[in-house]
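Nothing in this text is a laboratory measurement; each read-out follows from the coordinates by a stated rule. Computed from a predicted model, the values in this text were never measured in an experiment. Glycine also receives a Cβ, built like all others from the backbone with ideal geometry; neighbour counts cover every protein chain displayed.
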Amino acid sequence: MNQIVTVILLIIALAVGSQMSPYFLDAGYLLKKTSMEVPIAIMAIALTFVIIGGHIDLSVATGTVLVSVIAARSFDELHLPMAMVVVVALSCGALLGAFNGLLVVWLRIPSLVATLGTLALFRGLSKILIEERTIRGFPDWFLGLHQAKLLGTIPLPVIVMLGLAIIAAIVLRFTTFGRTVIAIGTSEPAARYSALPTARTTMLLFVISGVAMGVAALANIAQIGSVDYKGLPGGELIAITAVVLGGTSIFGGRGSVLGTVLAMFLLVVVRSALGMRNVQVENQLPIIGTLLIVAVAIADLPAKLLARLKARRRNIEGTGTKPGATIHA
Amino acid sequence: MLKQLLLVAITASFIAVGCGESSTGSGKPKLVYIAKNTGNPYFDPLIQGFKDAAAEQGCEVVTVAPATADATSQLPLIEDQIQQGVGAIALSPNSTEALNRVLDEAMAKGIAVITVDSDLTNNEKSRTVAVKTADPQSVGEGQIELLGSLIGYSGKFAILSATTDAPNQNEWIGIMKKTLETNPKYKNMQLVETAYGNDEPQKSLTEAEALLTKYPDLKGIVAPTTVGVAAAAQAVETAKKADTVFVTGLGTPNQMRRFIQNGTVKAFALWSPYDEGYLAGQVAAQLAKKSLTIKSGTKIQAGKLGEREVREKSVIITGPPTVFTKENIDQFHF
């Protein structure tokens, strides 16, 4: 329901963007800009789960950088074949996620604080592991993955992102795990008293987030072809913005992967439209900030309208309910 | 209810703000300059020079820059400019590696790519031409001549450098030593020591003070690094030796202004970022208008800078460094 607002904003942004510049409305260009944001989008998809489960993972971007650094060193110094590097990246990501999970589940540190700590820790470890160096020289076939296009138009990274989003959406809606996540996010004590496996599920949430770091790291390496410790500055904030802009409640319990993906498109469209008019990056921030606040403020609008309509009808039918009394649906 | 409708209206109008004027094709070639990051004062005079040159050539100019100087921050900006169909993209690249593909794509579409200040080292084929500051030969020779003119071409002097493995400084110092040996004009000048301050203000100051103590008859210190030259000036000022020890080197006017004004330092040098931007603007405009092809040895008419030649690896050098003195320092703010 909530992604209706995101869809409307996306349509408005596309319409306005095409008015702002004759060069804007070009599917090839917008898809290419989207493919640049795929690492962040992958983090955002995993974060949707974490946030619906009532937690947060602030370490997604720096974790991705740490995985990239470890993957790059295992390629550069251990001379592992790239296929093995992929395995290393995914397992490393899972380990980093499990570490976050242990802090939250075992040590009972609130995830906001735990991952605020690992946000700094992962960046710091990256710096220690690679120092001021830049590692490059990845094989051409791997770098080619970023530029590969399906059906001649859709970049492979975008396909991967959509594929992961579809799997994630199915897991969230139709599996026991997905429903447990929603239950924990709605009320953790209630979920616990209902004998749901809260600890295991929470742990799994952070491991998923960690595996996403691994995938994002690989996508990032394929995109830019080099690794240093300074990558993806502030990436976690863009990912969280996408999740919330997509209608997922920051308090947990409800949200959707579809909304997150739509919000990622919305961010790409807004930034591209502003970029077409050469608006400086800092000057784009107030617009994106306002967009976020407004989207959240009106997120409940369709539900409220519906509730009000029902209430009015009931009132007319003479059930005695005052208009507006049942607004909180 | 009303409140929420109002919010929707506000969003719509907020997004619509951007569509004030729709971009019109004026027929003029469009140029863009992409700096390393915003809020970096080094690029202000460079951008001004770029704009002035483009205006002289009748081109439209846009300057954009990412918020941070990390490897990929310029990528979306370049992509946006390609999409707008600019004639030339000039940029000071943040990475020698990460931008290649998008720049290759620009060049494949007939857009000229000019690197300014920093080059795509080892990836030179991903740009049309590089505009660089000054060549090492003129920096090295210029430093010796500047020092010689201050100490009357005779006497002991020391070099205060950055780190022992700083590539730029080592190249310049090598040329300085060679110039001393080969040019008879400098036969009475004696280099007594090369000290290294690691480009740290405190270490540089300590090294400079040590030089003053070790060589009581020292006539000059030349520091081909902005941190070193300021530290050497500080040491000489504190020791009240400005009348006997002459400090010079490579520094920025803002850093050195105080020492020039109080007489501690008579002259120092640095290339002019304005000239560099101006030259890049001239080259970008002429490439966008297709009135220039880059080949080794091509002569370029660069407006008020005069003629410049394209060197090996398609590099164009801005020119010898500018010398800053009490007379001209107030014209420079970087």
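Normalising the average separation of contacting C-alpha pairs (under 8 angstrom, six or more residues apart) by the number of residues puts the relative contact order of region A:38-254 at 46 percent.
Counting lysine pairs in chain A that sit 8 or more residues apart in sequence, or on different chains, and whose Cα atoms lie under 25 Å apart gives 7.
Relative contact order (percent) for chain B, with alpha-carbon contacts under 8 angstrom and 6 or more residues of separation?
RCO, chain B: 20 percent.
In region B:208-325, what is the volume of the convex hull around the alpha carbon atoms, normalised per residue and reported in Å³? List each step's numbers first, then the result.
On the way: hull volume 14.7 nm³, N = 118.
Residue-normalised Cα hull volume stands at 124 Å³.
Tally the DSSP beta bridges in chain B and give the antiparallel ones as a percent, rounded to 5.
20
Summing +1 for each Lys or Arg and -1 for each Asp or Glu among the other residues whose beta-carbon sits under 13 angstrom from that of B:D330 gives +2. Three principal axis extents describe the C-alpha atoms of chain A; from largest down they are 78, 56, 36 Å.
Counting every alpha-carbon pair across region B:39-184, the share separated by more than 23 Å comes to 50%.
Of the peptides A:258-264, B:113-119, B:236-242, the ranking by mean beta-carbon count within 10 Å, highest at the top, reads A:258-264, B:113-119, B:236-242. If you plug the beta carbon distance of B:D330 and A:L102 into 1/(1 + (r/R0)^6) with R0 = 45 Å, you get a FRET efficiency near 0.15. Tell me the net charge near A:I52. Cut-off is 14 Å between Cβ atoms, A:I52 excluded, with +1 for each Lys or Arg and -1 for each Asp or Glu. Net local charge, A:I52 excluded: +1.
Using alpha carbon coordinates only, what is the Rg to Rh ratio of region A:60-192, with Rh defined as the Kirkwood radius?
Numbers: Rg = 18.3 Å, Rh = 17.6 Å.
That ratio equals 1.04.
Enclosing the Cα atoms of the protein assembly as shown in their convex hull gives a volume equal to 202 cubic angstrom per residue.
In terms of its C-alpha gyration tensor, region A:167-325 has an oblate overall shape, because the principal axis ratio a/c (a ≥ b ≥ c, square roots of the eigenvalues) is not below 1.5 and a/b does not outweigh b/c. Only Lys, Arg, Asp and Glu carry charge here, each on its Cβ (+1 for the first two, -1 for the last two); on that basis region A:38-254 has a dipole of about 480 debye about its Cα centre. Rounded is the label for region B:136-270, because the ratio a/c of its alpha-carbon gyration tensor axes (a ≥ b ≥ c) stays below 1.5.
Taking the Cα centre of chain B as origin, work out the dipole magnitude from +1 charges on Lys and Arg Cβ and -1 charges on Asp and Glu Cβ, in debye rounded to 20. Mind dumping the intermediate values first?
Working: 32 positive and 35 negative charges, 93 e Å.
I would put it at about 440 debye.
Going down the table (B:K125/B:K178; B:K30/B:K295; B:K156/B:K313; B:K125/B:K177; B:K177/B:K266; B:K109/B:K299), which pairs top 29 Å between alpha carbons? Exceeds cut-off: B:K125/B:K178; B:K156/B:K313; B:K125/B:K177.
Can you tell me the alpha carbon radius of gyration of chain B divided by the globular rule-of-thumb value 2.2 N^0.38 Å? This ratio for chain B stands at 1.18.
Run the dipole for region B:136-270 about the Cα centre, Lys and Arg Cβ at +1, Asp and Glu Cβ at -1, nothing else charged, and hand back the magnitude in debye, nearest 20. Mind dumping the intermediate values first?
Working: 13 positive and 13 negative charges, 81 e Å.
Computed charge dipole of region B:136-270: roughly 380 debye.
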